[in-house]
Amino acid sequence: MSEFNVQLNDGPAAVVTGPITVGEALKKLDRDLAKQALAARVDGHEVDLAFTLIEHQNGQPVRIEPVLPETLEGLDVLRHSTAHLLAAAVLDLFPGTKLGIGPALLDDPRYGFFYDVIAPQPLTEADLPIIEKRMRQIASRNLPYRRDEISKAEALRIFQERDEPLKRELIDEKAGETVSVYYIDNSPFIDFCLGPHVPNTNKLRAFKLLSLAGAYWKGDATQPQMQRIYGTAFFTQEQLDAWLKQREEAEKRDHRRLGKELDLFSIQEQYGQGLIFWHPKGAVVRQQMEDFLREELVKRNYSIVYTPHIAKRELWQISGHEQNYGDSMFAPTTLEETEFRLKPMNCPFHIAIYKSQQRSYRDLPQRYAEMGTVYRAELSGTLHGLMRVRGFTVDDAHLFCTPGQVRKEIDDCVDFAYQVLKTFGFEKIKFELSVKGSDTSKQWLGSEEEWAKAEAALAEALDARHIKYERIEGEAAFYGPKIDFKVEDAIGRLWQLGTVQWDFNFPERFELEYIAEDNKPHRPVMVHRALFGSIERFFGVLIEHYAGAFPLWLAPVQAAVLPITDRVNEYAQQVAAQLRIAGLRVETNLRGEKIGAKIRDAQMQKVPFMLVLGDREIEQGNVAVRERSKGDIGVMSLEEFKTMARRLVTTRALTNT
Ligand SMILES: [Zn+2]
Ligand SMILES: [Zn+2]
């Protein structure tokens with residue numbers, strides 16, 4: 001027995017009598033916090049609440065910080081502890097199951113934790129509710145998580161006895177002299193784990209098992225095949241319910257599903273993963289995106305260029321891509337003893353155009369824009385629909401200007417980005433300014449003075465527009481600071497899109513010059529900028545944002561002409577022809593189906609307008625108009641409909657009114 005001091009964070013202190021656990025000591029410091037705590041940090045180290053405090057020899061107080069709910073650290077402990085609960089339930093239901101690892105996931109929007117298992121009989125989706133029910137039963141018994149420290153040999157013996165070869169392997173590889181193991185008392189589960197965990201299963205109230213997937217032990221295809229059980233956990237049932245609702249909404253909007261249902265695009269694995277086939281309907285949306293952007297580029301005095309998809313290997317050595325980025329590039333291919341590589345970025349090509357002649361200050365700025373298709377050797381495990389692919393097109397531009405011109409160019413880029421994103425219906429845009437700041441952990445190119453100037457110019461462009469932004473220290477590219485834009489979609493998710501980047505590197509590497517007023521060569525400033533970022537990815541975001549119901553100007557089919565009887569088929573074709581002449585994209589459905597089925601079909605395809613035609617419409621030369629979300633909006637003359645539709649298209653209206 002001894003008395004010593006404990007202190008809460010930097011706050012109140014108390015005298016306690018040892019031996020005493022962290023949980024007990026916390027109670028003396030703050031009863032409320034003690035009740036809420038899931039685990040704690042003692043002198044900076046994460047421990048369980050059952051950890052026994054040791055007094056400091058130098059008489060300094062032992063510092064305790066509770067790990068609380070509603071914090072990321074707390075969520076980590078909660079989800080990891082729930083993974084243990086999952087393993088306990090699986091062992092209880094399926095004795096003989098071999099266990100792998102069971103970490104918490106905090107960055108994955110789809111899941112909160114998983115456990116890898118090999119059950120005696122392979123598990124099916126139907127087992128998940130049964131396992132979840134058993135988890136609830138165990139949780140409600142309020143069993144403590146108990147830690148034990150034993151020798152490595154003892155741990156190996158225990159897991160040998162339990163016939164857990166994978167756990168033995170982990171201990172063999174990772175453990176030191178002593179090993180910490182965790183029990184959930186009165187359950188069949190023991191884990192080799194560092195912890196910490198919640199004090200007892202009662203803390204686990206809001207969890208759900210989500211899905212089952214295949215996995216390999218250690219992620220290695222030569223190792224045993226396992227099943228991965230995914231789940232998630234939150235601090236409250238309300239949080240879990242809200243998350244599940246959001247997930248359901250996200251699933252409905254999943255661009256991979258809608259891409260198939262609306263026949264927009266495909267990925268055909270037999271011809272290569274991560275490569276996008278744009279079907280006619282998806283291609284319409286892309287054309288509209290590109291046409292809009294080209295119109296704007298011309299208004300803003302950009303020059304549109306086209307460049308090759310491959311170049312001699314030397315180019316990528318001069319640019320530094322091969323040295324710094326080689327892992328993401330496709331391997332070289334040889335023709336007549338010359339090596340070529342596919343382009344992972346467009347920048348060096350635009351530089352080549354700039355360098356093709358001597359430039360005077362009078363020629364600047366030069367603004368080169370290209371829908372430039374690039375190829376990246378992404379690993380198959382990281383590919384995801386349109387969001388992460390191996391071949392994609394960037395709405396890329398590179399600006400070459402004098403130091404005196406760059407501020408205005410940045411200003412224009414920010415305005416341009418704003419206008420583009422608003423046109424596509426993104427109201428909430430988040431700007432991030434990534435700067436070097438005082439970070440010294442990376443190799444930064446360029447002088448302190450250059451950085452200060454560039455960072456100030458980017459910040460001023462945002463400040464002058466009263467744009468709120470987050471300043472992120474140390475997140476700049478090694479060659480210069482940048483502004484990134486993220487948009488919030490219809491269900492509140494953030495998507496990273498375009499960027500404006502200042503570049504100190506390429507003008508040096510490629511020895512870019514312009515002849516200034518002093519008749520001497522000077523270095524121009526180079527800015528990279530993309531607004532959509534990847535066109536594929538932007539399309540994916542649009543599909544999910546609109547849930548496939550594109551505004552009229554983007555919609556692959558803008559109007560479906562639906563005759564009620566065969567007698568009206570000819571009139572329907574005339575109506576469609578006239579609308580096409582007016583520049584609208586129209587489909588007719590002349591199949592011998594009931595009108596209800598035709599409407600349903602057009603509705604499923606999310607066609608903005610349906611023109612329903614019967615005998616009465618022929619007589620009067622009218623169309624009866626339905627709008628996909630409003631239903632019947634009345635009978636009007638074909639001329640009136642045409643005028644309305646054209647107005648909506650030319651103004652790029654976001655709603656059909
Ligand atoms: Zn654990
Ligand atoms: Zn670039």
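Data overview
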| read-out | value |
| --- | --- |
| Zone of SER2's modelled label, taken as backbone nitrogen in region 34-52 under 20 Å from a point 7 Å along Cα→Cβ | 42-45, 51-52 |
| GLN239-GLU269 FRET efficiency (beta carbon distance; Förster radius 41 Å; 0.05 resolution) | 0.65 |
| FRET efficiency, THR382 to MET604 (Cβ-Cβ, R0 35 Å, nearest 0.05) | 0.60 |
| Integer Hz, Karplus 6.51/-1.76/1.60 couplings in order for region 175-181, x for Gly and Pro | 7, x, 4, 10, 10, 9, 10 |
| Tilt relative to the chain, helix 595-604 - C-alpha long axis, 0 to 90 degrees, to 10 | 60 |
| Eligible lysines near LYS343 by straight Cα distance, threshold 24 Å, same-chain separation 8 or greater | LYS312, LYS355, LYS482 |
| Loop trypsin sites (Lys or Arg not before Pro), region 36-139 (other Cβ atoms within 10 Å of the site Cβ: 13 or fewer; DSSP) | ARG110 |
| FRET efficiency, ASP172 to ALA221 (Cβ-Cβ, R0 25 Å, nearest 0.05) | 0.70 |
| Alpha-carbon centroids, region 289-323 and region 406-448: separation in whole Å | 19 |
| By accessible area with a 1.4 Å probe, ligands and nucleic acids excluded, highest first: order of SER140, SER2 | SER140, SER2 |
| Distance-filtered residues of region 80-107 - backbone nitrogen under 20 Å, label point 7 angstrom along THR124 Cα→Cβ | 90-91, 93-95, 97 |
| Mean-position separation - Cα centroids, region 190-269 and region 457-494, in angstrom | 31 |
| Nearest 10 degrees, 0 to 90: helix 280-299 Cα axis against the chain principal axis | 80 |
| All lysines inside 26 Å of LYS598 as judged from Cα atoms, apart from same-chain residues fewer than 8 positions distant | LYS252, LYS260, LYS281, LYS606, LYS630, LYS642 |
| Virtual paramagnetic centre 7 Å along Cα→Cβ of SER180, amide N under 15 Å, in region 49-70 | 49-54, 65, 67 |
| Electrostatic dipole magnitude of the chain [Cβ: Lys, Arg +1; Asp, Glu -1; Cα centre; debye, to 20] | 1800 |
| Tilt relative to the chain, helix 638-650 - C-alpha long axis, 0 to 90 degrees, to 10 | 60 |
| Within straight-line cross-link reach of LYS152, lysines at Cα separation under 16 Å, skipping those fewer than 8 residues along the same chain | LYS167, LYS174 |
| More than 26 Å apart - percent of Cα-Cα pairs taken over region 246-397 | 41 |
| Principal axis dimensions, largest first and in whole angstrom, of the chain by Cα | 95, 78, 58 |
| Region 165-294: equivalent-ellipsoid semi-axes (sqrt of 5 x gyration tensor eigenvalues, Cα, Å) | 44, 24, 13 |
| Alpha-carbon gyration tensor eigenvalues x 5, square-rooted, for region 57-125, Å | 33, 16, 9 |
| Global form of region 238-301, assessed from the alpha-carbon gyration tensor, a/c cut-off 1.5 | oblate |
| Mean projected area in nm² (Cα convex hull; one quarter of hull surface) for region 310-466 | 12.8 |
| Square roots of 5 times each gyration tensor eigenvalue, C-alpha, region 94-174, largest first, Å | 25, 16, 16 |
| Percentage relative contact order, the chain, counting C-alpha pairs under 8 Å, at least six apart | 8 |
| Full-extension gain in nm, ASP43 to ASP463, via 0.36 nm per residue minus C-alpha separation | 147.0 nm |
| Separation in nanometres of the label points that stand 7 Å from Cα toward Cβ, at SER360 and LEU93 | 8.0 |
| Value of relative contact order over region 1-44, rounded to a whole percent, pairs C-alpha under 8 Å and six or more apart | 28 |
| Virtual spin-label span in nm between GLU261 and LEU106, 7 Å along Cα→Cβ | 3.5 |
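The values are calculated or read from the model by the stated rules, or taken from the named source; none is laboratory data. Quick caveat, the model's predicted, so the values are computed rather than measured. A quick note on method: Cβ atoms are made from the backbone with ideal geometry, for glycine too, and the neighbour counts reach across all protein chains shown. The area values use the complete protein model at the heavy-atom level, side chains included, leaving out ligands, DNA and RNA. Shrake-Rupley method; radii C 1.70, N 1.55, O 1.52, S 1.80 Å.
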